[in-house]
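Each remark here refers to the structure printed beneath this line.
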Amino acid sequence: MKSTGIVRKVDELGRIVLPIELRRTLDIEVKDALEIYVEGDAIMLKKYEPSCIFCGSSDGIQDFKGKNVCSACKSQIAK
């Protein structure tokens with residue numbers, strides 16, 4: 001993990017502000033979803049990318065009855 005040297009305090013509601021420089025660098029826009037991971041005593045945030053429930057691919061994701069399915073798996077299901 002690489003340190004940015006940026007320190008932010010957590011507010012009363014548990015929120016932190018991600019600096020604009022980080023949001024621009026990581027292409028995080030308003031209302032984008034972030035995934036939260038914990039590794040040991042570290043908290044990691046990652047921009048959420050939906051993936052296929054069958055193969056894990058994030059290419060060509062479509063909603064199929066409330067589930068994320070890639071186009072390749074959807075065509076295999078249709079056979």
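Descriptive notes on the structure:
- Taking residues in the stretch 3-23 that are under 18 Å from K46 (Cβ atoms), and partners anywhere that are not hydrophobic (A, V, I, L, M, F, W, C), the pairs with Cβ atoms closer than 6 Å and at least 6 places apart or on different chains are I6/P19; I16/R8; V17/R8.
- When residues of the stretch 49-71 are limited to those that are at pLDDT below 90 and either of a type in the set (S, T, Y) or assigned to a helix (DSSP H, G or I) (or both), the one nearest to the chain's Cα centre (by Cα): S58
- Only one of I77, I61 that is surrounded by 12 or more Cβ atoms within 10 Å (Cβ to Cβ), without any contact (Cβ under 8 Å) to a residue 40 or more places away in the chain and not charged (D, E, K, R): I61
- Selection from the stretch 33-48 of residues that are over 15 Å from the mean Cα position of the chain (by Cα) and acidic (D, E): E39, D41
- Any hit, the stretch 3-25, residues being surrounded by 10 or more Cβ atoms within 10 Å (Cβ to Cβ), under 14 Å from the mean Cα position of the chain (by Cα) and either at pLDDT below 90 or part of a loop (DSSP other than H, G, I, E, B) (or both): no
The values are calculated or read from the model by the stated rules, or taken from the named source; none is laboratory data. This structure is a prediction, so every number in the text was calculated from the model and none was measured. Because the Cβ atoms are built from the backbone with ideal geometry, glycine has one as well, and the counts that use them run over all protein chains shown.
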